[in-house]
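Before any comments, here is the structure.
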Amino acid sequence: MKLLDILTALKKDISYIEKELYRGVETSEPLLAETSLHLLKAGGKRLRPVFVLLGGKFGNYDIEVLKHVAVPLELIHSSSLVHDDVIDNAETRRGQLTVKSKWDNRIAMYTGDYIYARAMSIIAELPNPLIHQTMAKAMVQMTIGEMEQIRDFFNTDQSVRNYLLRIRRKTALLIAISCQLGAVAAGADKEVCRRLYSYGYNVGMAFQIQDDLLDLRGTEKQLGKPPGSDMLQGNITIPVIFALQEERIREDLLQLIHRIHEDGDKGSVQAAVGMIRESDGMAKAEALADRYMNKALDALEGLPDIKTKKNLRDIAHFVVKRSY
């Protein structure tokens, strides 16, 4: 079953979650209402709510309970994107102007804070302290990941290990707890919840590595932003780290990255992207994403043999092979 088929099977509940996302940020303050809805209206994969719903299939599935997990997790993700765009000085996201670009940095920061606060108030309606504790710990780690990213802007000497720790905190943990907390909220067995967390963590790692590959491989139409945007913003991703390990291109690539750092030279971005595409860095990053995908598939082996298990397997394959 392909991702579209999985989404079609969940269409009614995903549509309901979408409405609840909009309702979740409602406010009588006109500007805040407009800015909060801006990113939501641009769409997105809604991967985290989908994982919550699929996790819920391993217990007593109730959309009225699961919405209190699915909506906050997507709002937290949205909040982090609004803040990221300020830090990265990003002009566009998903083909639309960012909040900071359409308004300004101050409006964007308060919008992100508001969305985050609304997420916390929605999940507080669930009485299970494990859900709140898990969410809080993940948010702390996400913040540390953001700080690490800022620290490593244009750091061409960073290790693969540093990169993996950063994406674990910035991306993988939120996907991991989406799978886990959907099952927890549905009252699933502890071992099922543990395996779903492991699955989500490894899918999240593969997802981010693939995102970093797409930033270099994709077209502006596919990405909603120019290829190499990560590098322009100072984010040295895994294909770049691997490419810098190649002696034959290291010095030339370092010079291009230096020029990008100094004056934001877009010609240097294009040249660097071309160089990385021709390096072994792309294939090495793809192989790393494949390893995480296989770990995700291994985590599914001990789960009950229901249709959702196959859905999760199909999503893992989609994450690594996707082109958007």
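Overview of results
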read-out	value
In the stretch 92-105, residue nearest to M147 (Cα to Cα) [restricted to those that are touching a residue at least 60 places away in the same chain (Cβ under 8 Å) and surrounded by fewer than 20 Cβ atoms within 10 Å (Cβ to Cβ)]	T92
Among residues of the stretch 77-90, those that are farther than 21 Å from A138 by Cα and either free of Cβ contacts under 8 Å to residues at least 24 places away in the same chain or crowded, with 16+ Cβ neighbours inside 10 Å (or both), counted	3
When residues of the stretch 44-76 are limited to those that are among the aliphatic types (A, V, I, L, M), touching an Asp or Glu at 6+ places or on another chain (Cβ under 7 Å) and open to solvent by less than 10 Å² (accessible area, probe 1.4 Å), the one farthest from Q141 (Cα to Cα)	L53
Check on K11, closer than 27 Å to C193 by Cβ, of a type in the set (K, R), modelled with pLDDT of 85 or more and out of contact with any Ser or Thr (no Cβ under 9 Å at 6 or more places or on another chain)	yes
When residues of the stretch 5-40 are limited to those that are among the polar types (S, T, N, Q) and open to solvent by less than 30 Å² (accessible area, probe 1.4 Å), the one farthest from I115 (Cα to Cα)	T35
Hits in the stretch 1-26 - residues which are closer than 18 Å to V82 by Cα and either in contact (Cβ under 8 Å) with a residue 12 or more places away in the chain or in a helix (DSSP H, G or I) (or both)	L21, Y22, G24, V25
Unique match (being of a type in the set (D, E, K, R), open to solvent by less than 20 Å² (accessible area, probe 1.4 Å) and closer than 29 Å to G55 by Cβ) among D215, D314	D215
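The values are calculated or read from the model by the stated rules, or taken from the named source; none is laboratory data. Everything numeric here is computed off the predicted structure, so don't read it as measured data. Note that each Cβ is placed from the backbone with ideal geometry, even for glycine, and that neighbours are counted across all protein chains shown. Please note that ligands, DNA and RNA were not included when accessible areas were found on the heavy atoms of the full protein model with its side chains. Shrake-Rupley method; radii C 1.70, N 1.55, O 1.52, S 1.80 Å.
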